[in-house]
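Here the structure is laid out as C-alpha cells; the discussion comes afterwards.
The values are calculated or read from the model by the stated rules, or taken from the named source; none is laboratory data. If you're wondering where the values come from, they're calculated on a predicted model, not measured in any experiment. Note that we place each Cβ from the backbone using ideal geometry, even for glycine, and neighbour counts take in every protein chain shown.
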Amino acid sequence: MKNAATKQDVPAPKHQSFFEDVWDVVRQVPPGRVTTFGAIAKYLGTKMSARMVGWALNAVHYVQPPVPAHRVVNRLGMLSGKAHFNPPSSMQEALEKEGLVIKDDIIQDFDKYFWDPSAELSL
DNA sequence: ATTCTGACCTATC
DNA sequence: TGATAGGCCAGAA
C-alpha cells in the first residue's frame, strides 16, 4: 500500500483548478460542523464524483491557507481520511475539540452536525 | 502516450 | 441481503 506523505504525494496545482474549489468549500465549513465528499461533489456539480474530492484533499498538505480536512468525512460520518492525518488521531481530536462526539471513528449525531454546502451556501 | 490508482457514492446482480 | 462494477479528474510510473 502506498503510504501518504512518503515522497511528494500530490503537489499543489499551479493553475486554478477543481481542487481549489474543493478547498474553498471546505474552508467555508463552520467550526463544529462537518461535510461529506458527496455533498461537496454535488455542490460543485453532478458531474463531479466524490472521488475527486478525496483526491483534492490529498494535496491539502501542500496548500495554503490550510484546509480543515478533518471536517470532511464520508457519507457515513466515518473518519475515512483519519489515516492520512498527522498524526491520524489528530483528526478525531480536532473534531472533538470542536464539540463533536466521535466513537469508533464514527461521528455521533452526524446528521445533526452535517453541513451541506448546497443548502448553506445555496447559490 | 498509456496505465493505474486514489480520504467516495450510486446502481445493479 | 452482500458483493461487484462504473463513474469522474488529476498525477505518478
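Condition first: in a helix (DSSP H, G or I) and within 16 Å of DNA strand C (Cβ to nearest atom). Can you find one or more residues in the stretch A:85-100 that meet it?
No.
From the list A:Lys47, A:Lys42, A:Lys2, exactly one residue is part of a loop (DSSP other than H, G, I, E, B), within 12 Å of DNA strand B (Cβ to nearest atom) and either modelled with pLDDT under 85 or surrounded by fewer than 19 Cβ atoms within 10 Å (Cβ to Cβ) (or both). Which is it?
Answer to the check: A:Lys2.
Test A:Trp55 against the stated conditions and say whether it is in contact (Cβ under 8 Å) with a residue 40 or more places away in the chain, more than 7 Å from DNA strand B (Cβ to nearest atom) and out of contact with any helix residue (DSSP H, G or I) (no Cβ under 7 Å at 6 or more places or on another chain).
The answer is no for A:Trp55.
Okay, residues lined up against (1) at positive phi; (2) in contact with a Phe, Trp or Tyr (Cβ under 6 Å, 6 or more places away or on another chain); (3) within 13 Å of DNA strand C (Cβ to nearest atom):
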residue	(1), (2), (3)
A:Val34	no, yes, no
A:Ala39	no, no, no
A:Gly54	no, yes, yes
A:Asn58	no, no, yes
A:Pro65	no, no, no
A:Ser80	no, no, no
A:Gln108	no, no, no
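Please specify each residue of the stretch A:36-74 satisfying the condition of being within 18 Å of A:Asp111 (Cβ to Cβ), more than 10 Å from the chain's Cα centre (by Cα) and of a type in the set (Phe, Trp, Tyr).
Within the stretch A:36-74, just A:Tyr43 meets the criteria.
Yes/no matrix, rows are residues, columns are (1) within 22 Å of A:Asp21 (Cα to Cα); (2) at pLDDT 90 or above:
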residue	(1), (2)
A:Tyr62	yes, no
A:Val67	yes, yes
A:Val73	yes, yes
A:Leu79	yes, yes
A:Glu93	no, yes
A:Ile106	no, yes
A:Asp109	no, yes
A:Trp115	yes, yes
A:Ser122	yes, no
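Scan the stretch A:58-73 and report the pairs whose first residue is in a helix (DSSP H, G or I) and whose second residue is charged (D, E, K, R) and away from DNA strand C (no atom under 16 Å from the Cβ), with Cβ atoms within less than 9 Å and a gap of 6+ or a chain change.
Every condition considered, the pairs that remain are A:His70/A:Lys82; A:His70/A:Glu93; A:His70/A:Glu98; A:Arg71/A:Arg33; A:Arg71/A:Glu98.
In the stretch A:101-110, which residues are without any contact (Cβ under 8 Å) to a residue 12 or more places away in the chain and not in a loop (DSSP other than H, G, I, E, B)?
A:Lys103
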